[in-house]
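Note sheet for the following structure.
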Amino acid sequence: MVDHETIRRAPKALLHDHLDGGLRPATVIDLAREYGYTGLPTTDVDDLTAWFHRGADRKSLELYLETFAHTFGVMQWPAAIARVAAECAEDLAADGVVYAEVRMAPELCTEQGLTLDEAVEAMLEGFRIGTERAAAAGHTIVMKLLVTAMRQAARSVEVAECAVRWRDAGVVGFDVAGPEKGFPPTRYLDAFEYIRRENFHITIHAGESFGLPSIWEAVQFAGAERLGHGVRIVDDITTRPDGSVGLGRLAAFVRDRRIPLEMCPTSNVHTGAAPSIREHPIDLLRRLRFRVTLNTDNRLMSGVSLSSEFAALDEAFAIGLGEMEWLTLNALKSAFAPFDERLRLINEVVKPGYAHLRAEQTRVVVS
């Protein structure tokens, strides 16, 4: 097994992380006190941390999402949003993440009168501040924003237009999130068509709590370039008695087209999409060489970091540094940042970083 400090030091890339799912518990309490938010179940840091973890691990996506009322509840003011975003960048950088696409639904930040644009502006300002603080602490990170529309709302076109307005300031794509059941991707075709006409990028939460139809619609109707989670693609894969594996038409299409899967194992266990890490489809999918990427989803709710997710996979499947690098390269190949920026990170940061770590391991073995 790879030791935890080596995993933390390894350069990592993150494609699926929710800004309102990664707040520091102490920050939630501070902001609630500063802005008069009275909905918290407790103002003790340890108790609140435990409350979020208990609330998330209820084997239901719908129940999992209930905990977010308190995080976006304190993200209704520009300074509060900027603080959360800055701390997000600092925390990810300290964990060895060198590239991150963090997503947030700006419509969730408008309860006190902010516009979508004001919310996005505050997020990007926070990323700028956090990136500078991280650099001062010796950690380099590239932060990008994915603008998300909520399935259960009716603002998808408006949110898509907002995403495009900020595309030259750090927004790299458009996402749809929220409960899948009853809210298929085809309900938002106007938004997706607008994004495609603007030559912009689309990732969609699909195949997490709902099955293959969600994935099929996301890919074939909505034009998803990546699938948020995509766990249920395994339902189109058959393992025969002799151990051989057969792919259905949809699974074969997703693999053949190299459509990235933004997989979040611990979160999937918490929402009931997978029974355990050891039984998570990520093992089969990586062995079949789907374009698998490893992600956190919600660091606060699930009590994870990207390093802890890599450690969990290493413990379950002995992936080692080689597979860690493969997963990281998958993420950067699939990122929505411009090609030149991705290539620089791959050639100047990721590959040299893993080569250095492997050399360290070799020296330890030899000595």
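Structure above, values below:
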| quantity | calculated |
| --- | --- |
| Virtual paramagnetic centre 7 Å along Cα→Cβ of Glu34, amide N under 20 Å, in the stretch 49-88 | 49, 69-88 |
| Pairwise label distance in nanometres, Arg257 with Asn199, each label 7 Å out on the Cα-Cβ vector | 2.1 nm |
| Fewest-first sequence of His205, His18, His4 by Cβ atoms within 10 Å of each Cβ | His4, His18, His205 |
| In the stretch 208-311, the chymotrypsin sites (Phe, Trp or Tyr not before Pro) that fall in loop regions by DSSP, at most 15 other Cβ within 10 Å | Phe221 |
| Answer label, with volume of the Cα convex hull per residue in Å³ calculated from the coordinates and candidates [x] 137; [y] 236; [z] 164 | [x] |
| Separation in nanometres of the label points that stand 7 Å from Cα toward Cβ, at Glu132 and Ala355 | 3.4 nm |
| Cα centroid separation, the stretch 68-82 to the stretch 117-184 (Å) | 14 Å |
| Neighbour-count order for Lys333, Lys144, Lys59, fewest beta carbons within 10 angstrom listed first | Lys59, Lys333, Lys144 |
| Amide N proximity, the stretch 297-338 versus Thr42 label position 7 Å along Cα-to-Cβ, cut-off under 18 Å | 300-304 |
| Environment charge of Arg286, counting only residues whose C-beta is closer than 12 Å and scoring Lys/Arg +1, Asp/Glu -1 | +2 |
| Cα-centre dipole for the chain with unit charges at Cβ (Lys and Arg positive, Asp and Glu negative), debye to 20 | 1160 debye |
| Around Ser276: net Lys/Arg minus Asp/Glu count, Cβ-Cβ under 15 Å | -3 |
| Charge dipole (the chain, unit charges on Cβ, about Cα centre) - positive-most of Val84, Val157, Val2 | Val2 |
| Length gained when the stretch Asp340-Glu158 is fully extended (0.36 nm per residue, less Cα-Cα span) | 62.5 nm |
| Contour minus Cα-Cα distance for Met1 and Arg278 (0.36 nm per residue) | 98.2 nm |
| Formal net charge of residues neighbouring Thr110 (Cβ-Cβ distance under 10 Å; K, R +1; D, E -1) | -2 |
| Fewest-first ranking of Asp46, Asp95, using other Cβ atoms within 10 Å as the exposure measure | Asp46, Asp95 |
| 222 nm mean residue ellipticity, helices alone, for the chain (DSSP H n ≥ 4; -39,500 (n - 2.57); rounded to 500) | -14500 deg cm²/dmol |
| Antiparallel bridges, percent of DSSP beta bridges restricted to the chain (to nearest 5) | 10 percent |
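Values quoted throughout were computed directly from the atomic coordinates according to the rules given, and no laboratory measurement underlies them. Everything numeric here is computed off the predicted structure, so don't read it as measured data. FYI the Cβ positions are ideal-geometry reconstructions off the backbone, even for glycines, and counts take in every protein chain you see.
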